[in-house]
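Contents: one structure, followed by commentary.
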Amino acid sequence: MKKVAVILSGCGFLDGAEITEAVSTLVAIGQQGAEYRCFAPNKDVEETNHLTKQPTGQKRNVLQEAARIARGDIQPLEELRVQDFDALAFPGGFGAALHLCDFAKKGSGGEIDPEVRRIVKEFHESGKPIAAICIAPAIMALAFGGKGVTVTIGDDQGTASEVEKTGAKHSTCAVEQFVVDSANKVITTPAYMYGTAKPHQIFEGVSGAIAELINMA
């Protein structure tokens with residue numbers, strides 16, 4: 001049975017993992033007859049009120065927040081070992097661009113969290129595929145832009161332009177579809193980069209990407 005490591009960035013689309021995308025990822029993995037294990041950074045970050053969309057002045061722990069989605073069955077990133085898994089998946093949400101890398105603040109000049117960078121590098125060097133959803137493809141651009149990796153963040157030209165400054169190639173993609181870079185073994189789908197998308201559309205795109213991920217693994 002294939003095993004997928006899923007990296008979450010908290011809980012909530014403005015300051016963590018987007019919940020529909022995360023749950024869609026976990027459901028899709030199960031539908032493909034595979035297993036998953038969830039991981040997240042163990043660090044405190046600024047909290048955003050999801051009703052007012054304003055900072056609260058408080059902090060939340062990314063690992064503790066992500067545990068809400070994983071029903072407590074989650075481990076810190078430091079415990080992720082590439083040899084235990086066949087593939088890697090990154091649900092989106094703004095937390096992916098805030099806590100897993102700093103693309104949200106620095107764009108193409110951003111850097112990947114050291115543990116995330118280690119994990120992505122090890123999966124890539126082991127020839128194991130990676131799926132990235134919504135804004136999480138920015139992590140792929142920062143990691144593999146120099147290799148000309150092809151990713152999608154939908155049709156947002158401003159974000160696509162910033163992604164391409166890393167050396168990555170951007171492919172416009174509908175919410176229900178996904179983009180495959182076979183050479184780099186990277187699969188991406190835009191999900192809630194389309195802000196008006198419906199949950200069933202998100203699931204269609206994510207489940208297709210995950211099916212390809214498992215097949216490639």
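Of all the listed residues (Q58, Q83, Q75), the sole one being without any contact (Cβ under 8 Å) to a residue 60 or more places away in the chain, over 30 Å from S161 (Cα atoms) and in a helix (DSSP H, G or I) is Q83.
Screening A132 on (1) over 12 Å from the mean Cα position of the chain (by Cα); (2) part of a strand (DSSP E or B) shows it passes everything except condition (1). When I7 is tested against the conditions (1) on the phi < 0 side of the Ramachandran plot; (2) touching a Ser or Thr at 6+ places or on another chain (Cβ under 9 Å), the lone failure is (2).
Within region 27-44, if we keep just the residues that are in a helix (DSSP H, G or I) and in contact (Cβ under 8 Å) with a residue 40 or more places away in the chain, the residue that is surrounded by the fewest Cβ atoms within 10 Å (Cβ to Cβ) turns out to be Q31. If you go through region 93-125 and keep only what is assigned to a helix (DSSP H, G or I), more than 12 Å from the chain's Cα centre (by Cα), surrounded by 15 or more Cβ atoms within 10 Å (Cβ to Cβ) and not charged (D, E, K, R), you end up with F103, A104, G107, S108, I119, F123, H124.
In summary, S9 fulfils each of the numbered conditions (1) out of contact with any helix residue (DSSP H, G or I) (no Cβ under 7 Å at 6 or more places or on another chain); (2) among the hydroxyl-bearing types (S, T, Y); (3) assigned to a loop (DSSP other than H, G, I, E, B) with the single exception of condition (1).
Among the conditions (1) more than 16 Å from the chain's Cα centre (by Cα); (2) among the polar types (S, T, N, Q); (3) within 18 Å of A89 (Cβ to Cβ), the only one that T172 does not satisfy is (3).
Read-outs throughout are calculated quantities, based only on the coordinates presented, and are distinct from any laboratory measurement. For clarity, every value in this text was computed on a predicted model and none was experimentally measured. Using ideal geometry, Cβ is built from the backbone for each residue, glycine included, and neighbour counts are taken over all protein chains shown.
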